[in-house]
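The values are calculated or read from the model by the stated rules, or taken from the named source; none is laboratory data. Nothing here was measured: the structure is a model prediction, and the numbers come from that model. Quick reminder, even Gly has a Cβ in these numbers, built from the backbone with ideal geometry, and neighbours come from all protein chains shown.
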Amino acid sequence: MSPSGEIAMRRTLAALTMGLSIAALNAPGIAFAADEPKPAAGKDAEAKKPDPDVASASVAESAHPVKRSIPLNGGALAYTVTPGTLTIRNDEGAPIASVFYVAYTVDRGKGGQRPVTFLFNGGPGSSSMWLHMGSFGPMKVDASRPEAIAGPPFRLMPNPDTLLDKTDLVFIDAVTTGLSRPLGKAEGKDFFGVDKDLDAFTRAIQRYLTVYARWDSPKFVLGESYGTLRAAGLSYSLQQRGVQLNGVALLSTTLDINMLFSPVDQSFINIVPTYAATAAYHNRLASKPGDMNAYLAEVRNFARGPYTLALSKGDAITPAERDAVARQLGAYIGISPEVIVRANLRLDPNRFRKELLRDRRLTVGRLDSRFLGEDTDAGGEGPEYDPTDASISGAFIGALNDYLFRDLGYETPLSYRPNNYAGIGGKWDWNHNSAGGPQITADTSVDLGAAMRRNPKMKLLSLNGLYDMATPFFGAEYDIDHMSLEPDRRANISWKYYPSGHMTYIDPDSARALKADIEGWMDSAK
């Protein structure tokens with residue numbers, strides 16, 4: 001049945017039901033509602049009481065400001081850290097979610113307008129714990145080496161690469177993650193979708209601007225991973241509601257989700273330069289490249305040229321052409337041509353992660369291919385786990401809980417959810433009503449392009465880790481290069497690359513470069 005037909009049927013049923021009710025009330029021998037026996041008041045009241053054993057979020061907004069300072073650049077940086085909640089409401093004014101945030105602010109002085117940056121991770125289903133505890137805040141988990149972090153106590157230390165001296169920072173947890181929860185009649189499923197999520201974040205940012213009188217501040221958003229798809233979508237949805245952004249920063253980018261979820265040829269092309277960087281890092285090439293940038297430029301040209309042409313031929317490729325491409329690809333990525341031919345020239349990331357160091361009985365990480373893992377079955381098809389995630393998750397989760405509840409003294413009956421992947425499962429709605437029209441699978445590069453065309457001053461910064469196999473840097477280039485922008489708008493795009501992985505900030509050298517790059521970009525965007 002069509003949507004319009006379904007609506008008509010519902011209206012007909014409602015009219016019939018109303019008519020039957022009126023007839024029943026006027027029929028002989030039928031008691032009026034006033035004559036019916038009433039349930040005991042005590043039982044009725046008892047039924048309406050909330051279960052005292054169920055912890056839930058409060059509709060009332062909270063804020064728990066704490067004054068702190070850290071040593072920075074030979075002096076001290078004084079700031080206020082505020083964990084709290086924002087209540088977002090639907091268009092009728094009913095509360096739909098309590099959104100948890102942690103804000104870091106520096107006194108603006110009279111008339112001062114410091115920038116404010118909203119930061120979030122992705123998933124979908126991830127809290128913003130990773131960015132909060134590892135990137136640009138004034139305190140940071142020490143996860144500086146590509147190996148497992150030792151057990152507790154974990155090192156949470158002043159961050160020499162914080163952005164707080166440049167911009168206020170607001171870390172936001174998606175609804176059903178962290179301490180963010182649905183309210184009223186809303187349920188988790190009401191936030192499980194591209195557009196549902198965009199709406200919640202748009203409302204949360206608007207609410208923060210209102211509560212803290214920041215509507216006139218320079219405004220930036222910074223998303224990581226799926227958070228980049230969200231950030232690109234927010235650039236347009238915020239703009240449509242009157243929130244003009246100065247800039248959007250994308251860290252470890254995926255804008256067209258189809259490139260990650262579907263085995264289309266372009267997804268295999270996008271990851272080749274990351275394979276090459278990984279092979280070079282682990283010394284799996286015939287000779288180590290003297291200039292990594294020049295080497296990766298060469299690999300890009302091969303990927304978008306001979307490799308793309310070979311894949312486009314499909315089954316029509318000749319054995320000679322296939323073997324020649326397999327030999328060249330193998331030389332670039334450290335995998336034998338025989339393995340590549342058996343994979344029909346399309347080596348998926350899991351097989352590469354298992355194959356590269358198979359002779360050493362090791363696997364490489366997905367989030368950061370510098371990390372190494374060991375499997376039960378060294379002869380298997382793919383890795384049993386991601387050594388990056390296994391190496392650092394315990395430290396981030398332990399440090400956040402200790403910092404938030406002991407150090408800052410924030411009180412809540414809720415438990416902090418690092419993620420809600422299990423709760424979301426396969427329920428996420430990937431449909432998207434983009435700036436260019438409905439999409440079956442979201443590609444928010446369309447929204448970002450529309451926002452940049454409408455706001456000629458907005459700047460875009462693409463931040464990429466060379467060893468990120470989850471969101472390859474060549475894929476970010478492909479997405480952003482296909483936004484149909486004129487040269488004057490393309491001039492607003494900046495690109496930066498780091499010898500790190502998905503979470504580029506855990507590498508100390510990359511973290512220092514990130515700080516300098518982002519601060520320079522923000523100066524250009526005011």
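Would you say Leu309 is more than 28 Å from the chain's Cα centre (by Cα) and either under 24 Å from Asn258 (Cβ atoms) or in contact (Cβ under 8 Å) with a residue 24 or more places away in the chain (or both)? Considered against the rule, which asks whether it is more than 28 Å from the chain's Cα centre (by Cα) and either under 24 Å from Asn258 (Cβ atoms) or in contact (Cβ under 8 Å) with a residue 24 or more places away in the chain (or both), Leu309 comes out as yes. Do we find a residue being touching a Phe, Trp or Tyr at 6+ places or on another chain (Cβ under 7 Å) and among the acidic types (Asp, Glu) anywhere in segment 425-442? Looking through segment 425-442, at least one residue is touching a Phe, Trp or Tyr at 6+ places or on another chain (Cβ under 7 Å) and among the acidic types (Asp, Glu). For segment 184-212, a residue qualifies if it is assigned to a loop (DSSP other than H, G, I, E, B) and buried (at least 21 other Cβ atoms within 10 Å of the Cβ), and exactly one does: Phe192. Criterion applied to Leu414, Leu404 was being in a helix (DSSP H, G or I), surrounded by 13 or more Cβ atoms within 10 Å (Cβ to Cβ) and in the same structural domain as Ala103 (by TED's automatic domain parsing), and the one residue passing it is Leu404. In this entry, Trp521 passes the filter for residues that are touching a Leu at 6+ places or on another chain (Cβ under 6 Å) and either of a type in the set (D, E, K, R) or touching a residue at least 12 places away in the same chain (Cβ under 8 Å) (or both). How many residues does segment 285-314 contain that are at pLDDT below 95 and either farther than 17 Å from Ala331 by Cα or polar (S, T, N, Q) (or both)? Residues meeting the conditions: 1. Only residues that are of a type outside the set (S, T, N, Q) and free of Cβ contacts under 8 Å to residues at least 24 places away in the same chain were counted in segment 281-297, giving 7. Regarding Gly520, is this residue surrounded by 22 or more Cβ atoms within 10 Å (Cβ to Cβ) and either at pLDDT 95 or above or over 27 Å from Leu372 (Cα atoms) (or both)? Taking the combined requirement at face value, the residue does not satisfy it. Taken over segment 479-504, the criterion of being crowded, with 21+ Cβ neighbours inside 10 Å and either touching a Pro at 6+ places or on another chain (Cβ under 6 Å) or in a helix (DSSP H, G or I) (or both) is satisfied by Asp479, Ile480, Thr504.
The condition (being under 15 Å from Phe171 (Cα atoms) and crowded, with 24+ Cβ neighbours inside 10 Å) is satisfied by just one residue among Thr228, Thr253: Thr228.
Going through segment 367-381 one residue at a time, which ones are part of a loop (DSSP other than H, G, I, E, B), under 21 Å from Asp468 (Cα atoms) and modelled with pLDDT of 90 or more? Passing the criteria: Leu367, Asp368, Ser369, Arg370, Phe371, Glu374, Asp375. Being in a loop (DSSP other than H, G, I, E, B), in contact with a helix residue (DSSP H, G or I) (Cβ under 7 Å, 6 or more places away or on another chain) and more than 28 Å from Ser98 (Cβ to Cβ), is that true of even one residue in segment 418-436? Among the residues of segment 418-436, at least one is in a loop (DSSP other than H, G, I, E, B), in contact with a helix residue (DSSP H, G or I) (Cβ under 7 Å, 6 or more places away or on another chain) and more than 28 Å from Ser98 (Cβ to Cβ), which makes the answer yes. Among the residues of segment 280-328, those identified as closer than 17 Å to Tyr497 by Cβ and among the hydrophobic types (A, V, I, L, M, F, W, C) are Ala280, Met292, Ala294, Leu296, Ala297, Val299, Ala303. Restricting attention to segment 103-113, which residues are of a type outside the set (Val, Ile, Thr) and at pLDDT 95 or above? Ala103, Tyr104 - these are the residues of segment 103-113 that are of a type outside the set (Val, Ile, Thr) and at pLDDT 95 or above. Within segment 330-350, restricting attention to residues that are touching a residue at least 24 places away in the same chain (Cβ under 8 Å) and surrounded by fewer than 18 Cβ atoms within 10 Å (Cβ to Cβ), the residue that is farthest from Met259 (Cα to Cα) is Ala331.
Scan segment 487-512 for residues that are out of contact with any strand residue (DSSP E or B) (no Cβ under 6 Å at 6 or more places or on another chain) and of a type in the set (A, V, I, L, M, F, W, C) and the total you get is 4. Is at least one residue of segment 493-503 closer than 18 Å to Ala451 by Cβ and without any contact (Cβ under 8 Å) to a residue 40 or more places away in the chain? Yes. Looking at segment 114-140, which of its residues are farther than 14 Å from Leu251 by Cα and assigned to a loop (DSSP other than H, G, I, E, B)? Result: Arg114, Pro115, Pro124, Gly125, Ser127, Gly137, Pro138.
Evaluating Gly465 against the criteria (1) crowded, with 19+ Cβ neighbours inside 10 Å; (2) more than 20 Å from Tyr226 (Cβ to Cβ) leaves one unmet condition, (2).
Here Asn258 fulfils each of the conditions (1) more than 21 Å from Pro438 (Cβ to Cβ); (2) surrounded by 15 or more Cβ atoms within 10 Å (Cβ to Cβ) apart from (1).
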